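Colleague: One structure follows; several queries about it will come next.
The values are calculated or read from the model by the stated rules, or taken from the named source; none is laboratory data. This structure is a prediction, so every number in the text was calculated from the model and none was measured. Quick reminder, even Gly has a Cβ in these numbers, built from the backbone with ideal geometry, and neighbours come from all protein chains shown.
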Amino acid sequence: MSTLDGTQKRSLSGPSPDEKQWREVTQGDDGSVLGVRRESGKMGTINATRLWGPDGTLRGEGALTAPSGRTSYAFPVTLDLTPDGKTVVYGYANWTGFGLSTQYEFGTYAEGSSGWYVAPFDITDARAGTLVGRRVVANDSTTVLLQDDGSSVPHSNDFHPWFTGAGAGESVSRVDVAANGKLAAVETWPNGSGTNGRKVAMVPFASLGAPPPSDGSDCYLPAQGEPSYVSISQDGTRMAWHDDRGVVVAGTPVWFPSAAASTCNLSSPPVVISASGTMPSLGPSTAATPAAGPGPGSGGGTPGGGSSGGAAAAPKVSLSKTLRAAALKAGVSLKVTVAKAGKVTATAKVGKKTVATGKATAKRAGTVEVKLKATKAYRKRLSSLRRKVLAIAVKAGGRTVTVKRTLR
């Protein structure tokens with residue numbers, strides 16, 4: 001979690017406890033946060049989820065499910081929570097059969113956000129669903145669809161066309177709509193190009209479901225590289241997205257009519273809040289700014305949250321400012337100051353790959369030494385890590401701090 005200016009950050013999950021990686025995340029309008037762990041290259045059914053409340057406390061765990069009988073499953077293509085955080089919707093792209101008999105299915109599932117292990121509600125033919133309030137916004141490749149309002153939403157297959165989202169030779173990949181219904185971000189890409197050439201159109205509306213502007217006041221997002229996962233604040237004044245710079249936050253566009261395609265004039269300039277983050281999701285969570293208490297650990301660490309309140313003070317990590325990759329073979333000493341007795345673990349990653357680990361047991365409050373040693377997979381490949389950023393997550397007493405060093 002991060003404040004919009006990136007000055008305060010907090011880890012909710014800490015490192016993944018198994019081979020699954022934290023790959024998707026979303027935030028509801030109440031500040032609830034859902035994270036999804038999956039293995040790269042494995043079917044979407046092999047996943048685990050964790051739900052946190054607006055203040056970062058753990059509320060539940062579960063898994064994203066799907067009806068049986070398909071040959072292969074790909075989900076979540078998109079991910080979103082209802083305003084109360086109790087229901088999750090996620091896009092899917094599944095297929096059945098082989099060769100000429102292959103049948104593809106595109107749609108959106110809806111189910112409980114935690115403790116749910118039965119088949120979800122299938123919102124058929126509504127691709128890449130996201131939410132505006134409790135209503136699903138989806139597409140049929142070219143047209144943006146809006147779920148009809150009613151007491152059963154989002155568990156409904158009743159939709160109507162809202163507006164055309166893609167031009168000739170393009171397909172809509174995802175749409176995000178501000179909770180007030182007055183601003184949409186439409187992500188498209190050229191047909192047959194994969195994700196290459198992706199762009200995002202920002203479209204203003206008088207109200208949810210109103211027609212798009214006819215004066216040319218829509219515009220294209222000024223991204224660097226391929227923009228994706230645009231997330232708009234509930235009031236439509238702030239936005240975040242991911243591009244070649246990482247996670248970027250900016251003000252939403254200041255509208256000016258133009259007959260020609262134009263680049264958005266943003267109300268505040270883009271700020272990169274995380275070079276390594278992906279899939280941003282804006283919302284009112286207060287988890288990045290916990291109640292006043294002990295400050296973050298030394299060495300540039302970021303305080304991390306446990307699963308409930310009352311956690312001990314975050315550990316403080318002492319580590320040389322210069323770190324050689326080759327030193328990880330014999331082991332690098334971390335001095336960790338903890339507030340109470342217990343297990344202390346360290347996990348070092350380059351990108352999403354774990355390259356070194358270490359652990360120790362503190363017998364009492366004070367300083368304990370943790371030896372950080374290269375994993376078996378990297379003991380003979382340490383030279384390949386030179387000039388790369390090593391992120392070391394140290395966990396103790398239910399709190400996590402992250403220290404980063406550029407390997408020499």
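Colleague: Assess whether Arg70 counts as being under 23 Å from Ser173 (Cα atoms), of a type in the set (D, E, K, R), assigned to a loop (DSSP other than H, G, I, E, B) and assigned by TED's automatic domain parsing to the domain that holds Leu131.
Modeller: yes
Colleague: Out of everything in the range 204-263 that is loosely packed, with under 14 Cβ neighbours inside 10 Å and aliphatic (A, V, I, L, M), what residue ends up being nearest to Val137 (Cα to Cα)?
Modeller: Restricting to residues being loosely packed, with under 14 Cβ neighbours inside 10 Å and aliphatic (A, V, I, L, M), the top hit is Ala210.
Colleague: Considering each residue of the range 353-371, count those that are surrounded by fewer than 20 Cβ atoms within 10 Å (Cβ to Cβ) and in contact with a Phe, Trp or Tyr (Cβ under 9 Å, 6 or more places away or on another chain), and give that number.
Modeller: Matching residues across the range 353-371 total 2.
Colleague: Test of understanding: among Lys349, Lys343, which residue is surrounded by fewer than 15 Cβ atoms within 10 Å (Cβ to Cβ), touching a residue at least 24 places away in the same chain (Cβ under 8 Å) and either among the polar types (S, T, N, Q) or in contact with a strand residue (DSSP E or B) (Cβ under 8 Å, 6 or more places away or on another chain) (or both)?
Modeller: Answer to the check: Lys343.
Colleague: Now for a separate question. What do you reckon, is His242 over 21 Å from the mean Cα position of the chain (by Cα) and not in a loop (DSSP other than H, G, I, E, B)?
Modeller: For His242, the condition - over 21 Å from the mean Cα position of the chain (by Cα) and not in a loop (DSSP other than H, G, I, E, B) - is not met.
Colleague: Please go through the range 198-212 and give me each residue that is in a loop (DSSP other than H, G, I, E, B), over 17 Å from Pro161 (Cβ atoms) and not hydrophobic (A, V, I, L, M, F, W, C), ordered by number.
Modeller: Arg198
Colleague: Continuing with the same structure: Looking at Ser207 and the list (1) at pLDDT below 95; (2) over 18 Å from Ser268 (Cα atoms), which single condition is not satisfied?
Modeller: Only one criterion in (1) at pLDDT below 95; (2) over 18 Å from Ser268 (Cα atoms) is unmet by Ser207, namely (1).
Colleague: Something else about it: Just for the range 213-239: of the residues that are in a strand (DSSP E or B) and of a type in the set (A, V, I, L, M, F, W, C), which one is nearest to the chain's Cα centre (by Cα)?
Modeller: It comes out as Val230.
Colleague: Which one of the conditions (1) exposed (fewer than 15 other Cβ atoms within 10 Å of the Cβ); (2) at pLDDT below 90 does Thr402 fail to meet, given that it meets all the rest?
Modeller: Evaluating Thr402 over (1) exposed (fewer than 15 other Cβ atoms within 10 Å of the Cβ); (2) at pLDDT below 90 leaves (1) as the failure.
Colleague: Could you please let me know if Ala393 is outside any strand (DSSP E or B) and among the aliphatic types (A, V, I, L, M)?
Modeller: Answer is no for this residue.
Colleague: Filter the range 149-170 for residues that are crowded, with 17+ Cβ neighbours inside 10 Å and more than 30 Å from Asn196 (Cβ to Cβ); which is farthest from the chain's Cα centre (by Cα)?
Modeller: So the residue we want is Ser156.
Colleague: Here is a further query. Given the criterion at positive phi, free of Cβ contacts under 8 Å to residues at least 12 places away in the same chain and surrounded by fewer than 21 Cβ atoms within 10 Å (Cβ to Cβ), identify the matching residue among Gly115, Gly99, Gly69.
Modeller: The unique qualifying residue is Gly99.
Colleague: Conditions: (1) surrounded by 24 or more Cβ atoms within 10 Å (Cβ to Cβ); (2) in contact with a Leu (Cβ under 8 Å, 6 or more places away or on another chain); (3) within 26 Å of Gln147 (Cα to Cα). Tyr92 meets all but one. Number of the miss?
Modeller: (2)
Colleague: Restricting attention to the range 116-141, report how many residues are acidic (Asp, Glu) and at pLDDT 95 or above.
Modeller: Selection size over the range 116-141: 2.
Colleague: Filter the range 41-52 down to residues that are in contact (Cβ under 8 Å) with a residue 24 or more places away in the chain and surrounded by fewer than 18 Cβ atoms within 10 Å (Cβ to Cβ) and give me whichever is farthest from Gly283 (Cα to Cα).
Modeller: Among those residues, the one meeting the criterion is Met43.
Colleague: Another question, then. Regarding the range 27-35, can at least one residue be identified that is within 20 Å of Gly107 (Cβ to Cβ), not hydroxyl-bearing (Ser, Thr, Tyr) and not assigned by TED's automatic domain parsing to the domain that holds Arg399?
Modeller: Among the residues of the range 27-35, at least one is within 20 Å of Gly107 (Cβ to Cβ), not hydroxyl-bearing (Ser, Thr, Tyr) and not assigned by TED's automatic domain parsing to the domain that holds Arg399, which makes the answer yes.
Colleague: Pro76: in contact with an Asp or Glu (Cβ under 7 Å, 6 or more places away or on another chain), buried (at least 17 other Cβ atoms within 10 Å of the Cβ) and on the phi < 0 side of the Ramachandran plot, yes or no?
Modeller: Judged against the criteria, Pro76 is a match.
Colleague: Output yes when any residue across the range 31-39 is under 20 Å from Lys395 (Cα atoms), modelled with pLDDT of 90 or more and among the charged types (D, E, K, R), and no when none is.
Modeller: Yes, that holds for at least one residue.
Colleague: Something else now. Of everything in the range 11-22, what is in contact with a strand residue (DSSP E or B) (Cβ under 7 Å, 6 or more places away or on another chain) and either in contact (Cβ under 8 Å) with a residue 24 or more places away in the chain or of a type in the set (Asp, Glu) (or both)? Give them in sequence order.
Modeller: Ser11, Leu12, Ser13, Gly14, Pro15, Lys20, Gln21
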